[in-house]
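Note sheet for the following structure.
The values are calculated or read from the model by the stated rules, or taken from the named source; none is laboratory data. None of the values given here were measured: they were computed from a predicted structure. So basically every Cβ, Gly included, is an ideal-geometry build from the backbone, and we count neighbours across all protein chains shown. Surface areas here come from the heavy atoms of the whole protein model, side chains and all, with no ligands, DNA or RNA. Shrake-Rupley method; radii C 1.70, N 1.55, O 1.52, S 1.80 Å.
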Amino acid sequence: MNIAVCVKEVPSATSQRRLDPGTKRLDRSGDSEPNPFDVHALEEAIQIRERGADVGEIVAVCMGPGSAQRVLTKALALGADRAVLVTDAALAGSDIAGTAYVLAAAVGKQDADLVLLGQQAADADCYVMAAAVADHLRRPLVTQVAELRLDGGTVKAKRQAEHGYDLIEAPLPAVISVSDAINTPRLPSIKAIMGAKKKPLETVSAADLELDAARVGGDNARSVVREISPPPAKSEGLRIEDAGGDSAEKVVAFLSEKGLI
Amino acid sequence: MAGLLVYVHHDDGEFSPQGLGLLAKAAGLGGEVTAFVAGSGIDDGWAGSLGGHGAAKVLVADDAALGGLSQPIVDALAPTAAEADAVLFGAGVVSADVAAGLAARLGAGIACETTDIAMADGGVVATRPALDDTVMVESGFSGGPGIVLARANAFPVREGASGTAPVERVPVSVDDWSQRASLTGRETAEGGGVDITEADILVSVGRGMGGPENVQLVEALAKALGGEVAATRAVVDAGWVPYSMQVGQTGKTVSPKLYIACGVSGAIQHKVGMASAGTIIAINKDGNAPIFEFADVGVVGDALAILPKLTELVAARKG
């Protein structure tokens, strides 16, 4: 069986994130990294192979600007066998509905029995892409999975919901999103980083995927940002640097002053 | 149907407070509000009670295939949703999956993490905080119904709700492929123990505490303060402490007088469960952790080193 892992390019955790006041879109000019939740999905694909499943290939799929190639190179270093970058000026500014349509079309061409995604993107904090992709592909879905096992052609998943844990089974082919609790991603070795450059990284356009042009891009987005504004003002908290090791005294003084102890 | 359609999720015979709160919000916007309930063996009287929460009408999709997973619910909801001006969803794992599946099915715009909803220029406008709540983003919709997914606890449930609304059953057709996934079991939180929602003081443990062997440091401080221990999703999923201690989107919502977060980063999914605490103290090594944005006192330092001393000082003060 083959596994496709969707990987989003997001601003790196250390970069200063902002919305561009002109385009009202996320400013993507700074450093970027693979969405950390998607790295857990990729790690799970590798572990499925290591646990003994007959995995033919692991393909990383990304939709993004040309710069997203760097993110796919990282995915190849982490263990993907090949990568596909869907990039096209016509796709820029696509909303969630448009992006799900494109990703489903791209993944649909990879002959993948299992499609894995992170449960949310670290930049947008939306938990929606897996369910939208599954609907386009008409495949069973399990989201926010904390434990995943393959038993023949069936995935057995455990996921946290509002009342505890759900145990869910689905036959392949299926779409699964994973929580960051599912595994601890490995760091790529120097050898793997060097080897990544020799693995296939294919670039495809909207035309290659035979997409309906009326469903993609900023002009066709069904969700449109009207305004961006600062959040409501709030009082600044007290900040204590623990440099001198006297922070415990300061906290106790604060609690005492507030009548909390 | 024109107007606002509110999907109200339910579990174990109880409506989700997230859906009920959204009904109350929708009812305050001035248009006609219809609630949508999907399940198997739904009682009309129970469904009609949504009238007390703001629904003018309740549509019920009742079919054996509607057993709790999202994909059959998308099938049941899509024909009605396609005619609505907007479809609103409360926070929740299944609720979010239904919203996302519906957005794909209808090719509709979807706004996530919504904390305010308004009507403007003849349509629904959804506002969310973004980028660790450092900016507010207001979105509208075009070309069909807008789909709005709320942030957890963004909209309070109407107090003392009473009254009923007329109930209408809708035809249900569920595809074979939508039924391939099945819910085979559940592990619910064990009964007994402490109800952390009742505690005046909570000391919570996050991944920054390093490992389960350090939970005792948090327990000791909680004991000295006369409080209880709470936790983030990450440490519950890692098995350090039981699920009944979890605070956040898929855990408990708490509002104690004092909340001391130890090694907690302050991710949105935790924040929505504790942001209404009276006083929040955060101890974290990472000075850039989001929790410092909303803590009343932020201590940048190693909780493993600070907690024993803090416990000792508190115990001495109280003793």
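Computed values, structure above
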item	result
Value of relative contact order over chain B, rounded to a whole percent, pairs C-alpha under 8 Å and six or more apart	15 percent
Selection from B:96, B:108, B:69 lying farthest towards where the dipole of the range B:1-157 points positive, charges on Cβ	B:108
Cα gyration tensor category, rounded, prolate or oblate, for the range B:88-177 with a/c compared to 1.5	oblate
Angle between chain B longest axis and helix B:215-225 axis [Cα atoms, degrees, rounded to 10]	80 degrees
Partner chain coverage, peptide A:179-186 - average Cβ within 10 angstrom	2
GNM flexibility winner over chain A from A:196, A:181, A:68 (Cα, springs under 10 Å)	A:181
Stretchable slack from residue A:26 to residue A:241, in nm (0.36 nm times residue separation minus alpha-carbon distance)	74.2 nm
Residue of B:239, B:107, B:251 that the Gaussian network model of chain B assigns the largest fluctuation, springs spanning Cα pairs under 10 Å	B:239
Whether the range B:142-273 is rounded, prolate or oblate, judged on the alpha carbon gyration tensor where a/c under 1.5 counts as rounded	prolate
Modelled label reach - residue B:118, point 7 Å along Cα→Cβ, the range B:134-152 residues with backbone N closer than 20 Å	B:134-142, B:146-151
Exposure ranking of B:36, A:37 by accessible area [1.4 Å probe, largest first]	A:37, B:36
Relative contact order (%) - the range B:30-144, alpha-carbon pairs under 8 angstrom, separation at least six	17 percent
Extended-chain gain in nm, criterion 0.36 nm per residue less alpha-carbon gap, residue B:135 and residue B:44	28.5 nm
Rounded to the nearest 10 Å², the accessible area of residue A:123 at probe 1.4 Å	10 Å²
Cross-link pairs beyond the 22 Å C-alpha cut-off, checked among A:158/B:252; A:8/A:74; A:234/B:309; A:8/B:285	A:234/B:309; A:8/B:285
Per-peptide average of other Cβ atoms within 10 Å, ordering B:122-128, B:78-84 highest first	B:122-128, B:78-84
Exercise: per-residue mean of other protein chain Cβ atoms within 10 Å, B:137-149	5
Cysteines in the protein assembly as shown lacking a second Cys C-beta under 4.7 Å	A:6, A:62, B:262
Residue-averaged beta-carbon neighbours from other chains (10 angstrom radius) around A:244-257	5
Student exercise, the range A:3-220 dipole from Lys, Arg, Asp, Glu Cβ charges, in Debye to nearest 20	520 debye
Shape of the range B:196-318, Cα gyration tensor, a/c cut at 1.5	rounded
Simple spin-label estimate for residue B:213 and residue B:173 in nanometres, 7 Å along Cα-Cβ	6.2 nm
Normalised contact order of chain A, rounded percent, pairs of Cα under 8 Å and 6 or more residues apart	23 percent
Degrees between helix B:93-106 axis and first principal axis of chain B (Cα, 0 to 90, nearest 10)	40 degrees
C-alpha long axis of helix B:70-81 to longest principal axis of chain B, angle in °	50 degrees
Sites matching trypsin sites (Lys or Arg not before Pro) across the range B:226-271 that sit in DSSP coil, with at most 14 neighbouring C-beta atoms within 10 Å	none
Calculated SAXS-style log₁₀ I(q)/I(0) at q = 0.13, 0.15, 0.16 Å⁻¹ - chain B, Debye, Cα scatterers	-0.97, -1.15, -1.24
Gaussian network model of chain A, Cα within-10 Å springs - most flexible of A:192, A:124, A:248	A:248
For residue A:258, solvent-accessible area (1.4 Å; no DNA, RNA or ligand), Å²	120 Å²
The range A:1-113, dipole about Cα centre (Lys/Arg Cβ +1, Asp/Glu Cβ -1), debye to the nearest 20	400 debye
Kyte-Doolittle mean at least -1.0 and Cα axial length at least 18 Å: DSSP H helices in chain A	A:36-50
Accessible surface of residue B:10 - all protein chains present, 1.4 Å probe, nearest 10 Å²	40 Å²
